[in-house]
Amino acid sequence: MRIHLVTMPWQPIELPSLQVGLLHALLDRTRPDDEVREFHGSLRWAEFLLERSKGALRPGDHVAVGSESIFDGLGDWVFSGVLYNDPEWGVAQLKEYAARRGTDISTATAMRVHAAEFIEESADAILDEAPDVVGFTTTFMQNVSSLALAAELKRRRPGLTVVFGGSNCDGPMGHALHRNHRFVDHVVRGEGEYALPALLTHIDAGTAPADVPGLCWWDGQESRANEESRRTVAPADIPSPDYDLWQQAVDASPVAEYVHPKLVVEGARGCWWGEKHHCTFCGLNGSAMTFRAKPGNRLWDEVDRLVRRHRILDIVTVDNIIDMAYFKDFLPLAAESRWDLRMHYEVKSNLTAEQLELLARAGSVHIQPGIESLSNRALDLMDKGVSGSRNIRTLRECENHSLTCSWNYLYGFPGETDQDYASVIDQMPALVHLQPPGGAHRIQLERFSPNFANPALGFPQRRPAEMYRHVYDLPEDQLADLVYLFDTPPAGIGGGTEARLKAAARDWYTGHPASTLVLEQPTGDETLLVHDRRHGWPRRTHRLTGWHAAALRHLEAGRTRSALHRLLTADGDPPTGAELDAWLRETVALGLLFDDGRSYVSLPTWHVPVRSVERAQAPDGTAGGASGTPDNGEKAAG
Amino acid sequence: MSPLPAPPTRTAPALPAGWVPHRIRGRLVTVDEPLRLGAGGRPAAEAVRFLRECQSHDLVVRWLPATDDPLFTGPAHEVAGTAGLLRHLPAPGPLPGEPAELTTWRERHAYGQLYHRRGPDFVTVMDRREPSAAARFTIDDPDLLAAFRTVQDPTAVAALDAVGREAVDLLAAERLARVTDGWAVALPPRIRRWPVPCTDI
């Protein structure tokens with residue numbers, strides 16, 4: 001059998017498709033007599049746009065539409081005219097939507113005129129290789145481009161078998177996708193490692209795949225959806241991806257000069273935190289929350305193999321949360337390699353300073369700790385399991401260890417009030433030396449999240465997100481099963497508090513590059529110096545002595561007032577309760593402490609990372625601009 | 001006194017000793033004598049190595065060019081060529097009457113314009129000294145890789161065998177090594193500290 005694995009726009013063009021890589025390796029192992037080929041449609045689309053637009057539509061535009069418009073559905077819309085065989089389909093709807101929301105659709109519009117020809121050429125390329133089965137993997141905005149190509153393939157060669165799988169096919173979404181698109185023969189719902197080989201065995205034998213768990217298939221004109229299995233794929237059965245054909249495609253591509261290829265690896269599936277406390281807004285794990293991880297040494301063997309084979313040191317892990325065991329095996333192995341890796345990892349925000357230091361040493365220099373908020377009340381409402389001061393600690397330690405920290409400030413949780421935000425917003429100017437959120441965003445209702453599954457949590461009214469109206473020509477009851485995002489009446493804060501939060505997040509972002517707040521302890525001295533060079537604050541150095549200095553150090557770990565008082569009492573010569581209260585008030589006002597309402601945490605850092613804004617040296621030879629300068633108090637050890 | 005957590009430390013960097021007299025205080029390095037980067041030969045190669053290692057450790061360097069050095073007194077195109085080649089290294093401090101190209105160096109220098117990363121049996125190089133002509137290299141040919149490693153330290157070209165000389169010529173042609181008066185030295189610092197955000201370089 002000849003099998004074609006396809007990843008269509010908007011797979012990020014600098015990344016191989018993990019799904020294609022995994023399935024290729026799986027099929028090589030389980031069906032050695034088959035011939036497996038790949039079609040990197042997203043990369044081809046970027047090439048196609050570059051050529052047809054004579055260089056006007058570049059890979060950066062591909063990113064803008066494919067990754068950054070996910071809440072407006074522009075990437076899907078680009079191909080919807082092809083899917084519905086009508087160039088004007090969805091155009092008026094999108095224009096009206098964009099005008100109302102102020103959405104820029106010029107790039108997507110410029111791309112859309114090329115979509116039909118691209119689909120035709122893609123079909124030519126695939127059919128030239130005479131596949132028996134074409135398998136599409138679809139996540140986020142890959143649905144419509146994949147459906148458009150699948151329809152064209154079946155129109156030209158009805159005997160071809162078309163299979164869909166991927167995150168967009170999980171649960172009811174997969175069945176809706178199947179029953180509304182007759183040209184899709186099969187939809188694999190959930191993980192594919194067991195289901196796809198079982199399906200291919202049926203295709204070989206010409207038998208009905210009625211026993212393949214989760215599979216959708218056609219029984220005459222009836223779309224059948226087999227019951228989904230509760231059995232998850234064991235880590236030992238998750239293959240190591242094969243990216244050889246992707247590498248060939250990248251090497252031959254004129255797009256290569258525009259992108260910085262990275263490897264994608266998978267250590268774990270599911271979420272160990274979500275098994276116990278599912279964050280109320282999160283639907284990312286779909287229907288398979290059960291946490292499973294490859295042993296750390298096996299993951300390192302995979303990384304070792306891929307790095308050597310592809311000569312690439314940039315690695316993106318797709319794990320929704322790092323396996324804590326990796327701090328004992330995988331990360332030390334990565335650190336011991338002494339390779340200059342640059343890895344991205346999603347972690348929980350309660351890591352210790354030592355764990356963050358290990359991440360940095362292992363080359364996992366880009367982390368996504370799921371900070372989400374600095375308000376205890378909002379964090380409690382989302383069942384995040386961390387406090388505001390703990391999140392501040394994480395941000396502070398990221399500075400100390402030069403870790404890039406990606407996060408967004410989320411709001412709109414049912415039950416939150418203006419009061420939950422007032423203190424945080426007031427204190428945000430003091431945080432300007434720490435890495436800012438990408439923005440403040442209202443949460444959206446995601447399928448598979450507790451907020452979706454349980455309307456009593458605060459979102460009883462919901463309908464498919466408005467953007468899907470310019471993406472799919474389907475009735476709302478079908479969209480309700482097909483899509484991932486839903487619109488709801490806004491919950492939680494709004495009005496002035498929402499505006500203040502957004503403005504404070506913007507100011508933080510703007511002021512960050514030029515801001516530092518650095519601790520110095522002169523050798524042999526118990527005095528602490530805090531050099532304040534934050535945007536919006538007086539340029540000054542605070543000198544702390546005695547219990548004031550000790551208190552600031554104790555609060556690096558984040559402590560309640562009473563815990564701090566106990567520690568200072570144990571130190572001897574403690575302040576009175578009134579003195580301590582006065583000092584805490586004053587130090588918060590100076591922006592040296594963050595108060596989350598339960599505990600206090602110190603804000604100054606010991607080190608300043610290089611900020612990536614262009615760092616010119618000042619005329620006197622000192623570093624100008626954003627980065628830590630010698631006069632900011634930061635000292636190298638030794 | 002209850003125990004306080006030890007502050008996170010940064011290891012003091014080991015800088016090349018001997019050729020470039022300097023003092024280091026925290027992250028500030030002050031070079032005690034004017035450098036002669038334009039003169040070529042071993043002293044220039046050693047000075048380049050020193051600045052390269054300072055850059056690799058994200059140190060701020062105060063240094064001045066010798067005013068009788070070709071980098072200061074030479075024809076504009078030669079000064080521009082050298083300054084452009086070394087733009088990724090800490091720039092010289094200002095001096096009255098300095099060539100405009102040195103001012104440009106100071107203005108255009110930025111962290112991460114040229115750096116290398118080490119893998120198991122290869123090295124990758126990112127070159128953004130000329131933003132309009134950014135380039136990536138993967139050095140995995142054994143001879144080229146050996147030469148790149150060798151010229152991390154200033155090396156007399158005459159001491160290399162024919163294969164090594166050819167490899168150094170190739171590195172120089174790609175502006176990844178500087179060869180002057182028979183001495184070669186690699187130009188891309190190893191990246192030891194990623195900026196924030198790390199994805200920007």
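All of the numbers you see were taken from the coordinates with simple rules; none came from a lab. This one's a predicted model, so the numbers in the text were calculated from it and none came from an experiment. Quick reminder, even Gly has a Cβ in these numbers, built from the backbone with ideal geometry, and neighbours come from all protein chains shown.
Could you compute the net charge surrounding B:PRO34? Neighbours are other residues with a C-beta less than 11 Å from the C-beta of B:PRO34; K and R count +1, D and E count -1.
Values: positive: B:ARG36; negative: B:ASP32, B:GLU33, B:ASP68, B:ASP69.
Spelling it out: positives minus negatives among the neighbours equals -3.
Hey, what did segment A:2-235 get for relative contact order, percent, Cα under 8 Å, at least 6 apart? Before the final figure, lay out each step's value.
Values: 358 pairs, mean separation 44.0, N = 234.
Once divided by the residue count of segment A:2-235, the mean separation gives 19 percent.
Do the sum for chain A: with -39,500 (n - 2.57) for every DSSP H run of n ≥ 4, divided by all residues, what is the mean residue ellipticity at 222 nm, to the nearest 500 deg cm²/dmol? Spell out each step's value before the answer.
Details: 24 runs with 242 residues, N = 638.
Result for chain A, helices only: -11000 deg cm²/dmol.
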Inset, instruction - Give me A:MET1, A:MET8 ranked fewest to most by other Cβ atoms within 10 Å of their Cβ, as a rough exposure proxy. - result: A:MET1, A:MET8
Inset, instruction - First check a/c for segment A:2-235, with a ≥ b ≥ c the square roots of the eigenvalues of its C-alpha gyration tensor; if it is under 1.5, answer rounded, and if not, answer prolate when a/b is larger than b/c or oblate otherwise. - result: prolate
Legend entry - Anisotropy class of chain A from Cα gyration tensor, a/c 1.5 cut: prolate
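Using alpha-carbon pairs under 8 Å, 6+ residues apart, how would you state the relative contact order of chain A in percent? Before the final figure, lay out each step's value.
Values: 1185 pairs, mean separation 68.5, N = 638.
Here the relative contact order equals 11 percent.
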Legend entry - Prolate/oblate/rounded label for segment A:491-573 (Cα gyration tensor, a/c 1.5): oblate
Inset, instruction - Note down the net charge around A:THR7, summing +1 for each Lys or Arg and -1 for each Asp or Glu among other residues with Cβ under 11 Å from its Cβ. - result: 0
Legend entry - Förster radius 22 Å - calculated FRET efficiency between A:TYR509 and A:ALA64, Cβ distance, rounded to 0.05: 0.70
Inset, instruction - Report, by chain and number, residues whose modeled amide H sits under 5 Å from the one on A:ASP487, excluding near sequence neighbours (fewer than 5 apart, same chain). - result: A:ARG463, A:ALA465, A:GLU466
Inset, instruction - Between A:GLN461 and B:ARG175, with labels modelled 7 Å along Cα→Cβ, what's the label distance in nm to one decimal, could you check? - result: 6.1 nm
Inset, instruction - Take the Cβ-Cβ distance between A:THR352 and A:VAL318 as r, set R0 to 30 Å, and report the resulting FRET efficiency rounded to the nearest 0.05. - result: 0.75
Legend entry - Net lengthening on full extension, A:ASP211/A:THR576 (0.36 nm per residue, minus Cα-Cα): 124.1 nm
Legend entry - Among B:PRO120, B:PRO188, B:PRO131, residue whose mean-square fluctuation peaks in a GNM of chain B (springs only between Cα atoms under 10 Å): B:PRO120
Inset, instruction - Give me the distance between the Cα centres of segment A:346-390 and segment A:298-312, rounded to whole Å. - result: 27 Å
Inset, instruction - Among A:SER42, A:SER17, A:SER337, rank each residue by its count of other Cβ atoms within 10 Å, from fewest to most, as a rough exposure measure. - result: A:SER337, A:SER42, A:SER17
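To the nearest 500 deg cm²/dmol, what mean residue ellipticity at 222 nm is calculated for chain B from DSSP H runs of n ≥ 4 alone, each contributing -39,500 (n - 2.57), summed and divided by the residues?
-9000 deg cm²/dmol
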Legend entry - No Cys partner within the rule (Cβ under 4.7 Å), chain A: A:CYS169, A:CYS216, A:CYS271
Inset, instruction - Whole Å is fine, so just give me how far the alpha carbon centre of segment A:428-464 lies from that of segment B:12-42. - result: 52 Å
Inset, instruction - Give, rounded to the nearest 20 debye, the magnitude of the charge dipole that the protein assembly as shown has about its Cα centre when Lys and Arg contribute +1 at Cβ and Asp and Glu contribute -1 at Cβ. - result: 1780 debye
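Take every residue in peptide B:59-66, count the Cβ atoms of other chains within 10 Å of its Cβ, and give the average of those counts. Before the final figure, lay out the partial values.
Details: counts 3, 11, 4, 5, 1, 1, 0, 0.
Taking all residues of B:59-66 together, the mean is 3.
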Legend entry - Mean Cβ neighbour count within 10 Å, used as a protection proxy, ranking A:325-335, A:382-392 highest first: A:382-392, A:325-335
Inset, instruction - Return the whole-Å distance between the Cα centroid of segment A:570-589 and the Cα centroid of segment A:94-153. - result: 63 Å
Inset, instruction - Among B:ASP121, B:ASP68, B:ASP32, determine the one that fluctuates most according to a GNM of chain B built with springs between C-alpha atoms less than 10 Å apart. - result: B:ASP121
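Would you mind counting up the charge near A:TYR509? Only other residues with Cβ under 13 Å from its Cβ, with Lys and Arg at +1 and Asp and Glu at -1. It would help to have the intermediate numbers written out before the result.
Values: positive: A:LYS502, A:ARG506, A:ARG611; negative: A:ASP507.
The answer is +2.
For B:186-198, what's the mean count of beta carbons from other chains sitting within 10 Å of each residue's beta carbon? Present the calculation step by step, with values, prior to reporting the outcome.
On the way: counts 0, 0, 0, 0, 1, 2, 2, 7, 12, 11, 19, 9, 13.
Whole-number average of other-chain Cβ neighbours for B:186-198 is 6.
Ranking A:ASP76, A:ASP487, A:ASP473 by Cβ neighbours within 10 Å, fewest first, what do you get? Each step should come with its number before you reach the end.
Values: A:ASP76 30, A:ASP487 16, A:ASP473 13.
Placing the least packed residue first, the sequence is A:ASP473, A:ASP487, A:ASP76.
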Inset, instruction - Can you tell me the 0 to 90 degree angle between the C-alpha axis of helix A:74-83 and the longest principal axis of chain A, rounded to 10? - result: 10 degrees
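Would you tell me the mean number of C-beta atoms belonging to other protein chains that fall within 10 Å of each C-beta in A:252-259, as a whole number? All intermediate terms of the calculation are to be shown ahead of the outcome.
Working: counts 0, 0, 0, 0, 1, 3, 1, 0.
Per residue, the average neighbour count from other chains is 1.
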Legend entry - Sites A:THR560 and A:ALA589, calculated FRET efficiency, Cβ-Cβ separation with R0 25 Å, nearest 0.05: 0.85
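Provide the gained length on full extension for the span B:LEU64 to B:ARG23, in nm with one decimal, where the gain is 0.36 nm per separating residue minus the Cα-Cα distance.
Numbers: separation 41, 0.36 × 41 = 14.76 nm, distance 1.41 nm.
Computed gain between B:LEU64 and B:ARG23 is 13.3 nm.
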Legend entry - Of B:LEU85, B:LEU95, B:LEU144, the one that fluctuates the most in a GNM where chain B has Cα springs shorter than 10 Å: B:LEU95
Inset, instruction - With only Lys, Arg, Asp and Glu charged, each at its Cβ (+1 for the first two, -1 for the last two), find how big the charge dipole of segment A:91-163 is about the Cα centre; round to the nearest 20 debye. - result: 460 debye
Inset, instruction - With label points built 7 Å along Cα→Cβ from the Cα atoms of A:ALA453 and A:ARG182, find their separation and express it in nm. - result: 3.7 nm
Inset, instruction - Return the distance in nm (one decimal) between the two label points of a simple spin-label model at A:GLU526 and A:ASN85, each offset 7 Å from Cα along Cα→Cβ. - result: 8.5 nm
